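> Encoded as structure tokens, here's the structure I'll be asking about.
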């Protein structure tokens, strides 16, 4: 039976693809922890991680100072980069499929700015919503990001029923700069800690510790699960809303699920790391080029590579002109800008 | 009943675009929706597919309200092929067709993978895109893309297939190919098809039923032969058109009339160029004439500009006379597409030309006569002869006037009767039966009209046109017979 053979063959190919990707991610994680002001050998990193989680005596082989650097400084930093990068890449892939627009990403759609706007309000007015506690920051960021998203989509639909690629991005950028100026105004009014705020706004995963990782993790898991359960719907939506409806996609429900989970991912990422642009643009594009646009595989692979990408970007940000640290957003924008231009060029050609 | 619309009204928001539509479609039916732009065809299709709600009236699918279906259960019954679909991403053909299985997949982890795979392959084979299955959609031509989307719709295994101008991006052979396959699927799979069609003739050929829309209102719903009525279509489309019948199948054909303003002059026949050699007589007309003839080349109704009467020896015999005639013309560098060609063994120099000018029409009659095979039609069943040899009366009638097809037939009858009377009065005998002949075994007649100037509804024997034809043909035939008999140029009266 030739069919069975093809099925088996393609399944094998897919397994190879995932194994390769996970190894790539693990390598990025290890290198991300190993390199820095102090270089640490791989085996010591593995000892510490195993020692802290599985078998304590492993810790005896590593100096306490290195243990501290590994466990309390570098590991939470790469983990945060992993989750933030994964979240942004996933959100980007979801926005692109949903809007059938390869230029969409949390940053270009203005969702990141919307989330940042909410986060800045929480941070600088010191608001805490009862019952939410420390979750106030991510939840407000998610909420304001979602609202911004709805505004951008509605506004675009009013201008252009066909939701042209350029119109969506233009609207996103208008909203983004509008909200950005509000943020600037708030920062100017508070006056203090200016540099730190700007650093946060340009995006950073440094000095956040496990608390921030824990803060983002639940939203990350929820977002990825919801999106994975909507991968076929995203495939259908890639051909436009009408085709998706004809194929039997329950648009009202799916729309909200997809947009909400993308907002969950974006908002929580912004809340812990500020606005980091272009991850959601570059990574899905890259994965599509390598393995095609099927969302069943695009989503998990984009998540893996988004995480690995941000770990490497963070590594570059803190080592290129060490001891000075660059904002991570500078690195991602340096790569993302040309990719944006390239995709735009390809769109023109078609 | 698969689908039933009862007084359905709907559109976008408060704007009612289609009003009070009632149709019903059964399994195995092909319903075409016709109407000019803006008549609400696409809106109606969107209401049926569930994209737009009906503001008034009810829609039943399998005797159940359409609105009670979920998106997924509806997609198992109805598939849609839109005018144009595109994606910003490079999906492969197989992935796109596989999306058609979406309404049948109930969980995230699909269970029936092998079965799905089979249905997908089957759909790709049916639309002839299987060979492209690993190609990217955007690498295919418009027609191939359309077939990929059709494969996706078929993979849904719908009972009702909706098509919005399915032949829009296809060249003519694919249009016909697609519609032939659709027609077959309709029969084999007991599928029903509702298609918006642009081309009236394609609609006429393929639809069992046609819904004609005008400004959102249902003008007609019936068989093509009834809906496609000249006056009704001309009114809906606001275009001059003419209904004909298809030459092979019993369906109407619609043709459009270009409006021209070449002021019809009354001197077309005068400007004929007539050249005559012993080999052939050729008439060149400056404009094509609508011609009804029984000639060797160009028989039936046609529009022709060159008329040839060719002299052949008495023993001329070819199994394929048409092919021989064509190669004869090719050698003379004459394009046979414009030619009516006849043959005769008669001496062309004895051809008789009669011209008549009346106040509102002109007439030119040319007759050549060879009588060696004279036959009395009323006795010809006595004759054992079946092979026809050359010996012919060729009658050409050119009319400068405008005739409907009925008048052509009447003119043909009038000319024939005049010929028979001429043979009678000249006492031409059938050599076998020794009775008065009515013609020869290979007579050819041609009625040709410029279709300009005065309109004549009739050309029967007592109409002005018929009287003149009869008179001219009688006169010309008698003279031609006398010349053939060798009685010189004297006309007996």
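> Just give me the residues in the range B:180-207 being farther than 25 Å from residue B:76 by Cα, in contact with a helix residue (DSSP H, G or I) (Cβ under 9 Å, 6 or more places away or on another chain) and in a loop (DSSP other than H, G, I, E, B), in sequence order.
B:199
> Are any residues in the range A:210-248 over 23 Å from residue A:284 (Cα atoms) and either out of contact with any strand residue (DSSP E or B) (no Cβ under 6 Å at 6 or more places or on another chain) or more than 8 Å from chain B (Cβ to nearest Cβ) (or both), and if so, which ones? Spell out the reasoning first.
Within the range A:210-248, the subset over 23 Å from residue A:284 (Cα atoms) is A:210-215, A:242, A:245-248.
Correct list: A:210, A:211, A:212, A:213, A:214, A:215, A:242, A:245, A:247, A:248.
> Hey, another quick one. Residues B:183, B:159, B:187, B:235: which one is surrounded by fewer than 22 Cβ atoms within 10 Å (Cβ to Cβ) and under 30 Å from residue B:405 (Cα atoms)?
Working: B:183 fails: under 30 Å from residue B:405 (Cα atoms); B:159 fails: under 30 Å from residue B:405 (Cα atoms); B:187 fails: under 30 Å from residue B:405 (Cα atoms).
One residue alone meets the criteria, B:235.
> Restricting attention to the range B:129-150, report how many residues are surrounded by fewer than 17 Cβ atoms within 10 Å (Cβ to Cβ) and either over 14 Å from residue B:170 (Cα atoms) or at pLDDT 90 or above (or both).
Applying the first criterion (surrounded by fewer than 17 Cβ atoms within 10 Å (Cβ to Cβ)) to the range B:129-150 yields B:131, B:134-136, B:138-142.
Retained after the next criterion (residues that are either over 14 Å from residue B:170 (Cα atoms) or at pLDDT 90 or above (or both)): B:131, B:134-136, B:138-139.
Matching residues across the range B:129-150 total 6.
> Among the residues in the range A:254-271, are any within 14 Å of chain B (Cβ to nearest Cβ) and buried (at least 24 other Cβ atoms within 10 Å of the Cβ)?
Checked against the condition, which is being within 14 Å of chain B (Cβ to nearest Cβ) and buried (at least 24 other Cβ atoms within 10 Å of the Cβ), the range A:254-271 yields no hits at all.
> Related question: Give the residue, chosen from A:104, A:94, A:116, that is within 14 Å of chain B (Cβ to nearest Cβ), part of a helix (DSSP H, G or I) and either under 20 Å from residue A:273 (Cα atoms) or at pLDDT 85 or above (or both).
On the way: A:104 fails: part of a helix (DSSP H, G or I); A:116 fails: within 14 Å of chain B (Cβ to nearest Cβ).
Criteria check complete, one pass: A:94.
> With respect to residue A:64, is the statement that it is loosely packed, with under 15 Cβ neighbours inside 10 Å and either without any contact (Cβ under 8 Å) to a residue 60 or more places away in the chain or under 26 Å from residue A:273 (Cα atoms) (or both) true? Talk me through it step by step, then tell me what you get.
Working: loosely packed, with under 15 Cβ neighbours inside 10 Å: yes; either without any contact (Cβ under 8 Å) to a residue 60 or more places away in the chain or under 26 Å from residue A:273 (Cα atoms) (or both): yes.
Criteria met by residue A:64.
> I'd like to check something: does the range A:201-208 contain any residue that is in a helix (DSSP H, G or I), more than 14 Å from every other protein chain (Cβ to nearest Cβ) and crowded, with 17+ Cβ neighbours inside 10 Å? Quick ask: steps written out before the conclusion?
At the first step, the residues of the range A:201-208 found to be in a helix (DSSP H, G or I) are A:201-202.
Imposing the further condition that a residue be more than 14 Å from every other protein chain (Cβ to nearest Cβ) reduces the set to A:201-202.
Adding the requirement that they be crowded, with 17+ Cβ neighbours inside 10 Å leaves A:201-202.
Scanning the range A:201-208 turns up at least one residue that is in a helix (DSSP H, G or I), more than 14 Å from every other protein chain (Cβ to nearest Cβ) and crowded, with 17+ Cβ neighbours inside 10 Å.
> Also, quick follow-up: Among B:210, B:283, which is the only one that is farther than 19 Å from residue B:30 by Cα and part of a strand (DSSP E or B)? Give the derivation first.
Details: B:210 fails: farther than 19 Å from residue B:30 by Cα.
Criteria check complete, one pass: B:283.
> Tell me which residues, restricted to the range B:312-339, are touching a strand residue (DSSP E or B) at 6+ places or on another chain (Cβ under 6 Å) and either exposed (fewer than 14 other Cβ atoms within 10 Å of the Cβ) or under 26 Å from residue B:413 (Cα atoms) (or both).
Residues satisfying the conditions are B:338, B:339.
> Please go through (1) surrounded by fewer than 22 Cβ atoms within 10 Å (Cβ to Cβ); (2) outside any helix (DSSP H, G or I); (3) within 13 Å of chain B (Cβ to nearest Cβ) for residue A:297 and return the number of the only condition it doesn't satisfy.
The one condition residue A:297 does not meet is (2).
> Tell me the strands (runs of 3 or more DSSP E) entirely within the range B:1-107 that contain at least 3 residues that are within 14 Å of chain A (Cβ to nearest Cβ). Step through it out loud before you land on a result.
Numbers: elements: B:3-12, B:15-25, B:30-34, B:54-61, B:78-81.
Answer list for the range B:1-107: B:78-81.
> Answer yes if at least one residue in the range A:274-284 is part of a helix (DSSP H, G or I), touching a helix residue (DSSP H, G or I) at 6+ places or on another chain (Cβ under 7 Å), buried (at least 24 other Cβ atoms within 10 Å of the Cβ) and within 14 Å of another protein chain (Cβ to nearest Cβ), and no otherwise. Let's see the steps before the verdict.
Step one: filter the range A:274-284 for residues part of a helix (DSSP H, G or I), giving A:279-284.
Checking the rest, the ones that are also touching a helix residue (DSSP H, G or I) at 6+ places or on another chain (Cβ under 7 Å) come to A:279-284.
Checking the rest, the ones that are also buried (at least 24 other Cβ atoms within 10 Å of the Cβ) come to A:279-284.
From what is left, the residues that are within 14 Å of another protein chain (Cβ to nearest Cβ) are A:281, A:284.
The answer is yes; a qualifying residue exists.
> In addition: Quick check on the range A:319-335: of everything there that is without any contact (Cβ under 8 Å) to a residue 60 or more places away in the chain and within 11 Å of residue A:281 (Cβ to Cβ), which residue is surrounded by the most Cβ atoms within 10 Å (Cβ to Cβ)? Don't jump to the end; show me each part of the working.
Residues of the range A:319-335 without any contact (Cβ under 8 Å) to a residue 60 or more places away in the chain: A:320-321, A:324, A:326, A:331, A:333-335.
If we keep only those that are within 11 Å of residue A:281 (Cβ to Cβ) too, we end up with A:333, A:335.
Values: A:333: 19, A:335: 16.
So, considering only residues that are without any contact (Cβ under 8 Å) to a residue 60 or more places away in the chain and within 11 Å of residue A:281 (Cβ to Cβ), the one surrounded by the most Cβ atoms within 10 Å (Cβ to Cβ) is A:333.
> Tell me, yes or no, whether the range B:154-169 has at least one residue that is part of a loop (DSSP other than H, G, I, E, B), out of contact with any helix residue (DSSP H, G or I) (no Cβ under 9 Å at 6 or more places or on another chain) and closer than 18 Å to residue A:242 by Cα.
Here is the first cut: in the range B:154-169, the residues part of a loop (DSSP other than H, G, I, E, B) are B:156-159, B:165-169.
Right, trim to out of contact with any helix residue (DSSP H, G or I) (no Cβ under 9 Å at 6 or more places or on another chain) and you get none.
Within the range B:154-169, none of the residues are part of a loop (DSSP other than H, G, I, E, B), out of contact with any helix residue (DSSP H, G or I) (no Cβ under 9 Å at 6 or more places or on another chain) and closer than 18 Å to residue A:242 by Cα.
> Still on this model: Name, by its number, the condition in (1) more than 9 Å from every other protein chain (Cβ to nearest Cβ); (2) free of Cβ contacts under 8 Å to residues at least 40 places away in the same chain; (3) assigned to a helix (DSSP H, G or I); (4) out of contact with any helix residue (DSSP H, G or I) (no Cβ under 7 Å at 6 or more places or on another chain) that does not hold for residue B:123.
The one condition residue B:123 does not meet is (4).
The values are calculated or read from the model by the stated rules, or taken from the named source; none is laboratory data. Everything numeric here is computed off the predicted structure, so don't read it as measured data. Virtual Cβ from ideal backbone geometry, glycine too; neighbours counted across all protein chains shown.
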